[in-house]
Amino acid sequence: MGLSPSVLLTEKDLVNYQELTYFNKQEILQAYRVFRNLKKQSIRDRGEELQIPVQMIMNIPELKVNPFRDRLCSVFSNNRDYMNFEEFLDMMSVLSSNAPKDLKAHYAFNVYDFNNDQRLCEEDLMQLLDRLTCGLPNDPSCYMEGKLSDKEKKKIIKEIFAIADLDRDQELSFSEFCHIIDKSPDFITSFIIHL
Amino acid sequence: MFSNNKISPLPNNGVVDDSSGSQVSQRRQAVVTVEQNSQIWTPHLSERLRRRTEFGELKPTKKSSGNLEQKIIQIRRFLREVAFKLEPWRESVKAIEGHHGSGVASYFLFLRWSIYLNFGFFMLLFGLIVIPQVAFKKKNYTTAVLGINSSYVHVNYSQHCSQQYILNYSSTSVSEILLDFLQGTGWMEKTPLFYGYYEGKELNYDKSYIIPLAYILVCIFSLIYSVIMMAKKSASNFQDSIYDATPSSHYQFFTLVFLSWDYTMTDEISAKLKLKSLKKQIISELTDKQYRQKRKNLTTYQYARIIFIRVLVNIFVLLCLGTGAYLIYFTTQFTTFHVKPDEFHGHHESVRFLVEYLPSITISALNGFIPFVFSFITKVEDYLPQNQVIIILIRTILLRLASLIFLVASLYKEVMCTPKDNCNVGVADCPPLRCWETYIGQQFYKLVIMDFLISFSLCVIVEPLRKLFSRCLKISSLEPQFDVPKNVLDLVYTQSLSWLGFFFAPLLPCMVLLKFFGTFYLKKLSALKWCAALEKPYKASKSQSLFATVLMISFFFCCLPIGYIICYVPPSRSCGPFRVYNNMYDILTITVELWPLTASMIVRFLSSSAFILTIIVILILFLYHCAQRGSAQNETIKLLRKQLNAERKEKFYFMMEANNTATIVAENKASRKQ
């Protein structure tokens, strides 16, 4: 069996993780395998804990093409440059298909809240739209010509606020976000990463 | 219990942006703290773990709940692990999801579910009908017939007629054997595949096993099994899909922006395509919006023109359906009536083969060709894009169902053709069908084979060629795309064949099972190798509920003819388990009559019209109650929405007030100091 990479994962840890995440044993081990494989390329030990740079986490195949990968990592690593296994497992657990909608909605809100002010304002939505059409903001050619014009973006944002912004303050709060997410059954199938 | 620990482990909220000291940001900060307090903030996994080990916090109450609950949790976890390990094709579905997103993957999940469904279906029929008949045929076979003294039973006729049902075939050449295999005739006709093989007597080993009774009960139970499976499937879907009565088009921009990125994507090329297509979609959605606003102020003339065109197109669609109906009717009649077996002398075998396959070819051709026409003419009609897709889909579903209905109707006409001799075989102008059930089974057998051949050739020949041409000639429109609705309709069509045909060919579900099995790998090949990513992604949830609905509808369409045949159509005298009975249903009546008096009384009461009427009335009342509750809940939702809005305004107002007072107080203080 594929237990060999789990040398550092004790049975007790496994039981604890199973109770605290939405994963079963195999999935935890699979996550651990993915995490340990990154270690081969770079290690940075802080005491006993294994820490992996966020840059490397962002390059695992499951995240590599995602235009929000840096946001995902920073939300789950508390804005640090390193991630430990528990944070990684937490991220994968929230994005697994077993996690409930509310939890996913919360993290989605945080991912899209680019300036971390607990509000989705116009600025956040602008950046969201740019990322949706061009990917991470490191592709200058696309950002020069490929992205939507400001006018188009403004129009879309206006439409979104017209529907979702219930108190008309030109921002979306978490509850407003949830309100609409509840009506979009696709959310639960699209906010998923299979390890 | 411990699920409570899992839900809402919200992260530490990010750093609050308070670079500017303006009023707005102050207010914002205040609102943030208010919201913070109102929600339960649970820390990260590592923190939770630490608390658990150090303080014993968040631990499931092990001591109080005792050993038993622990065991249950362990067993449940173990079962989940087993299910996880046994889940077939997880990797395949994941790969497809990474390539095309969850919409296409939902098709594969549906396909996998259909395989489960057909597997159960096949096991029921195989285990309870085929195996007893095949394995115990020579062992202690009695001639006893259930209810031999009853008025429904005609043993003499059927004995006389069974002797006339002889197949004369000479299996000399390989080609002939192969052709017979493809048509289900000749040596194939008296195999367990078809109805005609089964005997109408009891098998006796210790206890008697009554084949006709088993046959009818298993068939009815299979249908019930299908309903249960479908209900289970659609229940989970409907919970998600029919959540709100307001049309989803209101949320299109929201959906587009927040939900259109599929986190399951892992393929780099597809991801790039996806980014591009998202941009296209956003722009088209914007132009759409403008178009819609323009549509609102149409002149009467323009409006009348659109209506006129739509009426014309609908008439055309009906004409198409009518032509299809006539073609199916004509070809079925042609194969049975006009081409008598003796006319084939002198013709090549392949001609006979083609004629035999004519109805199946016609149906498949219609199903393949007419949807193209539909999608073309619907463009003329000037519908909104998202409605257009639905309208094409509805028309295609209609066509598919209609073609099956036409087939069943023309077969029915042949079977019920009147001048018949006392063996229930047509004479004079009627087709001499010694065993009409087997004949119908053969038709469905041919349809399934045809269906498989077509999907096989599409995947293996047509799609690679299209891909090649599109690469060479640089025409991107030639490149095949994975059309989810069309594929689902194909699947539903095959499933309907299985439901319609299983009564006449008990091993048909096995064929369908094999077909689905092959289809999974073919479609996987097609999705991963030949097809480009979809330009307009198909929404997973929408499709799931739609699939379930379409399947349900076609199921009930399939049940009707089967039920009718079981209850009213006299079975053939010369073959099959029901050859001695007036109607197939009689076997149930006879069994009930042989029961003790009270039991048969109860059954008779349960099947009486008075009881059924009562049940129907109760069901209608229940339905009404549900509808009422639903509408009441909708009202509550509206009310709550208003309340939420009002509350927010109030909060906003108070915040402003607090800010104002704070500044006034500060000013006062400042002025006092001065």
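FYI, it's all coordinate maths here, none of it is from the lab. The model shown is predicted, which means the values in this text are computed figures rather than measured ones. When we count neighbours, we look across all protein chains shown, and the Cβ atoms used for this are built from the backbone with ideal geometry, even at glycine.
From largest to smallest, the equivalent ellipsoid semi-axes obtained for the stretch A:101-190 from the alpha-carbon gyration tensor read 23, 16, 12 Å. Can you tell which of A:LEU50, A:VAL75, A:ASN37 lies farthest toward the positive end of the dipole of the stretch A:11-94, using +1 and -1 charges on the Cβ of basic and acidic side chains (Lys, Arg; Asp, Glu)? Going by the Cα projections, it comes out as A:ASN37.
Quick one: what do you get for chain A if you divide its Cα Rg by 2.2 N^0.38 Å? Cα Rg divided by the expected 2.2 N^0.38 Å: 1.14.
Residues B:THR287, B:THR589, arranged from fewest to most other Cβ atoms within 10 angstrom of their Cβ, appear as B:THR287, B:THR589.
When the chain is fully extended, how far beyond the present Cα-Cα distance does B:LEU640 get from B:ILE553, taking 0.36 nm per residue of separation? The partial results should precede the final answer.
Values: separation 87, 0.36 × 87 = 31.32 nm, distance 3.57 nm.
Contour length minus the Cα-Cα distance gives 27.8 nm.
The slack in the chain from B:ILE405 to B:TYR521, taken as 0.36 nm per residue of separation less the alpha-carbon distance, amounts to 38.7 nm. Taking chain A as the region of interest, the number of lysine pairs whose Cα atoms are within less than 17 Å, with members eight or more places apart or on different chains, is 4. For the pair B:LEU453 and B:TYR209, label points projected 7 Å from Cα toward Cβ lie 3.6 nm apart. Look at B:ILE370, A:ILE156 and count the other Cβ atoms within 10 Å of each Cβ; fewest to most, that gives B:ILE370, A:ILE156. Computed over neighbours whose Cβ is under 15 Å from that of B:LEU513, the net charge equals +1, Lys and Arg +1, Asp and Glu -1.
How long is the gain from B:LYS669 to B:LYS85 if the chain were fully straight, where each residue apart is worth 0.36 nm and the alpha carbon distance is subtracted? Walk me through the numbers before you get to the answer.
Working: separation 584, 0.36 × 584 = 210.24 nm, distance 7.08 nm.
This chain segment gains 203.2 nm when fully extended.
Rounded to whole Å and ordered largest first, report the semi-axes of the equivalent ellipsoid of the stretch A:11-94 derived from its Cα gyration tensor (root of 5λ).
Values: eigenvalues 76, 47, 30 Å².
Result for the stretch A:11-94: semi-axes of 20, 15, 12 Å.
How high is the FRET efficiency from B:LEU514 to B:ASN156, r the C-beta distance, R0 35 Å, rounded to 0.05? Can you show the working numbers first?
On the way: r = 41 Å, r/R0 = 1.18.
The calculated FRET efficiency here is 0.25.
Could you tell me which of the pairs B:LYS233/B:LYS524; B:LYS280/B:LYS474; B:LYS294/B:LYS649; B:LYS94/B:LYS232 are separated by over 28 angstrom between their Cα atoms in the structure shown? Spell out each step's value before the answer.
On the way: B:LYS233/B:LYS524 23 Å; B:LYS280/B:LYS474 20 Å; B:LYS294/B:LYS649 34 Å; B:LYS94/B:LYS232 24 Å.
Listed pairs above 28 Å: B:LYS294/B:LYS649.
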